[in-house]
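Here the structure is laid out as structure tokens; the discussion comes afterwards.
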Amino acid sequence: MQAAPRSRPCGRTSGKPSAERLRVLPPGKVKDAGAKYGGEFREIRKNRVIVRGIPGEHKKRVVKEQETGMQAGQETGIRAVQKFREKAEVLQNTRIAKGIYDLRLKTKQIAAAAKPGQFVSVYSNDHSRLLPRPISICGADPESGELRLVFRVAGRGTEEFSRLSAGDRVDLTGPLGNGFPESVLKGQAGKTVFLIGGGIGIPPMVQLARTLAAGDDEKGAPRLISVLGFRDELFLVDDLKAYSEVVIATEDGSCGTKGNVLDAIRGRNLKADVICACGPTPMLRALRVYAQETGAECWLSLEEKMACGIGACLSCVCKSTDIDEHSRVRNKRVCTEGPVFNSIDIEL
Ligand code: FES
């Protein structure tokens, strides 16, 4: 999920500014809207923010801001998902492997609303970087409000987050995206589920493993096998061992199977009824084919480059097997219709 954003803010293109454009209501203070997008705030009209001098707006959207959060309007085609903008307090930030950080935040509402497979948009405190960074949710405790984000330093934004320390505050919006569906989270008792993570695709598997391990009330939990692929240094292995069997593959052979996650699965002759995976596209592509061969149900969480994170800019689309209602082409927006897709619904 974590990905470097595009260089231009959502929906902006070069060209002559038009007199008046409609912008997606940005999270946070409405009157920051103009400055945020390089235009001039004019007014709010029927839940729409009118900003002057912004070229390149390609879709009109209605986003309602509520006192505690935002909800996308039905007519936009965006699923109505409750999301919140918060200034969260940093509880701790720990380096757990080379370039990998474990950030714990105290949130008011995001942790309580989060589902496995969703993500948050984290904003830089440096206002020269307008676009937030999408980061998968690794853990969320509804009671304490603690949100856990494990991310890789991949640019200036994430490098800034790596320097956060206890007591700092960070601006974030979430939970975003669809997450794993209820049909996956419930009713898996008696089945075997692979939780497959490659590199920085491993963190969302922790929250998923925790949820699946809790099982259904009377029916019990599925057999969970986490298959983890690393380039070299390991991380989050003990977290997944708490809920599942763990199988490791490393590119350099320093631990577990030398090779990739499929080498590890085939090497041990493992079989699953359901596959849930997040990681680099080549890994997901191979898993999609593997699932077709074995007849397993397969859910893939895509890591795409994102800009707006709320379905407005189309910078995150992937190819779909059916026609998208919103764009009228074979596309799906990873940030809103995903990041989790049934493997039969997308092309990779
Ligand atoms: Fe803008 Fe997905 S990031 S539509």
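What follows is calculated from the coordinates using simple rules that are stated; it is not laboratory data. All values reported here derive from a predicted model rather than from experimental measurement.
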Legend entry - Too-long pairs where the Cα-Cα distance tops 32 Å, listed order kept, from Lys115/Lys319; Lys106/Lys186; Lys87/Lys258; Lys186/Lys241: Lys87/Lys258
Inset, instruction - Enumerate the calculated ³J(HN,Hα) couplings along the stretch 307-314 in order (Karplus 6.51 cos²θ - 1.76 cosθ + 1.60, θ = phi - 60°), each rounded to whole Hz, writing x wherever the residue is Gly or Pro. - result: 10, 6, x, 10, x, 9, 9, 6
Inset, instruction - Whole Å is fine, so just give me how far the alpha carbon centre of the stretch 176-236 lies from that of the stretch 114-145. - result: 20 Å
Legend entry - Karplus (6.51, -1.76, 1.60) ³J(HN,Hα), θ = phi - 60°, over the stretch 225-234, in Hz, Gly and Pro reported as x: 10, 8, 10, 10, x, 10, 6, 8, 5, 8
